[in-house]
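These notes are about the structure you will find just below.
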Amino acid sequence: MKTADLYDDHGDRLQVVAPAFVNYGARRAFSGRITTLKLFEDNTLVRETLNQPGAGKVLVVDGGGSLRCALLGDQLAQLAVDNGWSGIIVNGCIRDADMIRTMDVGVKALNTNPAKSAKRGEGQRDIVVNFAGASFTPGAYVYADTDGIVVSETSLNESEPNT
């Protein structure tokens, strides 16, 4: 479902994410239930999470908007593909953008940076994260395409369960 159409039909029920994110994955449109991470310049939890079955979910990574290092690269994006994640939204940077553009996963991020992150194992999982004017609640739904990103507390797609 296109985000513009979703907004036309359900605008009063949606949060619209500020248009700060760039498309990087080969999958230009993606959606799914939200899983969240909150971390800062440390992608250890990103690897741990993407190494688990995604079941069509979207990983939302609140990296504090840091542009100093990448929180996702081609190896982690490949884990997402291999484990069935629909997409990844990074409030921060990625790297290996040319490789990620060839992978069948949705990826949106603020920018790119060749520097890799620290590996301290710090951060939180499955908490409400807030950035770009929206709140991302674990278990809620996110819809993304080339027009932008919208968040809904309930599924807007008849084929998705609401539980």
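About the Cα centre of the chain, how large is the charge dipole given +1 on each Lys and Arg Cβ and -1 on each Asp and Glu Cβ? Please answer in debye to the nearest 20. All intermediate terms of the calculation are to be shown ahead of the outcome.
Numbers: 16 positive and 20 negative charges, 115 e Å.
For the chain, the charge dipole is close to 560 debye.
Given only helices, namely DSSP H runs of n ≥ 4 each adding -39500 (n - 2.57), what is the per-residue ellipticity at 222 nm of the chain, to the nearest 500 deg cm²/dmol? Don't skip to the end; give the middle numbers.
Numbers: 4 runs with 28 residues, N = 163.
Using -39500 (n - 2.57) per qualifying helix, the result is -4500 deg cm²/dmol.
I want the antiparallel fraction of DSSP beta bridges within the chain, as a percent rounded to 5. Mind dumping the intermediate values first?
Working: 19 of 39 bridges.
Among the beta bridges of the chain, antiparallel pairing accounts for roughly 50 percent.
At a 10 angstrom cut-off on C-beta neighbours, averaged per residue, how do the peptides 110-121, 58-69 rank from highest to lowest? Write down the numbers at each step before the final one.
Values: 110-121: 14.6, 58-69: 21.3.
Ranked from most to least packed, the peptides come out as 58-69, 110-121.
First compute the accessible area of the range 54-151 with a 1.4 Å probe, then give the percent of it belonging to carbon and sulfur atoms.
Details: 1790 of 3860 Å².
Here carbon and sulfur together make up 46 percent of the probe-accessible area.
Place a label point 7 angstrom from the Cα of Glu48 along the Cα-to-Cβ direction, then list the residues of the range 111-143 whose backbone nitrogen is under 14 Å away.
Once the point is set 7 Å along Cα→Cβ of Glu48, 119-127 turn out to lie under 14 Å by backbone N, inside the range 111-143.
Taking a point 7 angstrom from the Cα of Arg28 along the C-beta vector, which residues in the range 95-117 have backbone N less than 18 Å away?
So the set is 98-109.
Find, to one decimal place in angstroms, the Kirkwood hydrodynamic radius of the chain, where the mean of 1/r is taken over every pair of different Cα atoms and then inverted.
Radius from the Kirkwood sum: 15.3 Å.
Relative contact order for the range 21-124: what percent, with Cα pairs under 8 Å and sequence separation of 6 or more?
Working: 292 pairs, mean separation 40.4, N = 104.
Averaging sequence separation for qualifying contacts and normalising by length gives 39 percent for the range 21-124.
How large is ³J(HN,Hα) for each residue in the range 119-124, as worked out from phi by the Karplus curve 6.51 cos²θ - 1.76 cosθ + 1.60 (θ = phi - 60°), to whole Hz, x for Gly and Pro?
Residue by residue, the range 119-124 yields 10, 9, x, 9, x, 10 Hz.
Using the alpha-carbon centroid of each, what span in Å lies between the range 5-25 and the range 93-147?
15 Å
In a shell of Cβ-Cβ distance under 14 Å around Asn130, excluding Asn130 itself, what net charge do Lys and Arg (+1) and Asp and Glu (-1) give? Walk me through the numbers before you get to the answer.
On the way: positive: Lys38; negative: Asp62.
After counting each charged neighbour, the total is 0.
Take every DSSP beta bridge whose two residues both sit in the range 84-150, then give the antiparallel share in percent to the nearest 5. Before the final figure, lay out each step's value.
On the way: 6 of 12 bridges.
Close to 50 percent.
At 1.4 Å probe size, with every protein chain present, just tell me what the per residue accessible area of the range 1-112 comes to in Å².
On the way: 4830 Å² over 112 residues.
Heavy-atom accessible area per residue stands at 43 Å².
The values are calculated or read from the model by the stated rules, or taken from the named source; none is laboratory data. Only a predicted model underlies this, so the values are computations on that prediction, with no experimental measurement involved. Here Cβ is always computed from backbone atoms with ideal geometry, including for glycine, and neighbour counts include all displayed protein chains. In case anyone asks, the SASA skips ligands and DNA or RNA and just uses the protein heavy atoms, side chains included. Shrake-Rupley method; radii C 1.70, N 1.55, O 1.52, S 1.80 Å.
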